[in-house]
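A short worksheet on the structure shown next.
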Amino acid sequence: MKIMVIMVHPDLENSRANRTLMQYAKLNAKGDIDVRDLYNEYPDWNIDIEHEQQLILQYDRVVFQFPFYWYSCPPLLKKWMDDVLISGWAFGPGGNSLRSKEFMLATTIGGPEHSYRAGGADRFTISELLRPIQATFYKCKANYLPAFVTYNVDRMSDVAFQAEGARYAEQIFVPAVVETQY
Ligand SMILES: Cc1cc2nc3c(=O)[nH]c(=O)nc-3n(C[C@H](O)[C@H](O)[C@H](O)COP(=O)(O)O)c2cc1C
């Protein structure tokens, strides 16, 4: 299975969680993963749509890895979706390029897991908060996989990061449980 991880972090140099997780994920990976750094590739935010579409077609699974910002993704990922997932290619008449392609989100969260539930400090679950991105990939007839989520990252020890990185490496390769049928 060919896997591409698109890292979307506006300041990867000063990242601890995303950089460390990726380091350990690569160490533990049981196959090849190609990792990109979207903010580094597009410092002017001028996304090369054709290049992105061609790249996606070369992979079976695409993982978007990002820090959770204001209950959502960093803005360049939103722009990537707005620019790349266009009618006639990703959805709408003739837009079948992503049919059955697998997409996974991997996000690092500042708050603790117990806050992300009904009645908790953040009130909603991560599955609920990631719903717009899930809906986007459903609209594109793609297969949306369970997200990899790691909580409490701003207070996490190096040892815990090592364990989370190993868990991430496992999840990246786990076969899809549910095949989306269209
Ligand atoms: C602009 C901004 C918005 C954030 N919003 C949230 C949030 O909505 N919920 C949360 O739990 N943490 C939030 N955080 C904390 C980040 O998720 C956390 O610092 C990040 O995942 C750490 O990753 P890094 O070390 O790779 O930068 C936010 C941080 C920033 C800078």
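For the chain, what is the mean residue ellipticity at 222 nm derived from helices alone (per DSSP H run of n ≥ 4: -39500 (n - 2.57); sum divided by total residues; nearest 500 deg cm²/dmol)?
So the calculated ellipticity at 222 nm is -10000 deg cm²/dmol.
Report the convex hull volume per residue for the range 25-81, counting only C-alpha atoms, in Å³.
Dividing the Cα hull volume of the range 25-81 by its residues yields 108 Å³.
Out of all DSSP beta bridges with both ends in the range 3-173, state the antiparallel percent to the nearest 5.
For the range 3-173, the DSSP antiparallel bridge percentage is about 5.
Restricting things to alpha carbons, find the Rg to Rh ratio for the range 53-182 using the Kirkwood radius for Rh.
Taking Rh as the inverse mean 1/r over Cα pairs, Rg/Rh reads 0.99.
Considering all alpha-carbon pairs of the range 1-126, what whole percent are spaced by more than 19 angstrom?
Taking all Cα-Cα pairs of the range 1-126, the fraction more than 19 Å apart is 54 percent.
Where a number appears in this text, it was derived from the coordinates with a stated rule and is not lab data. None of the values given here were measured: they were computed from a predicted structure.
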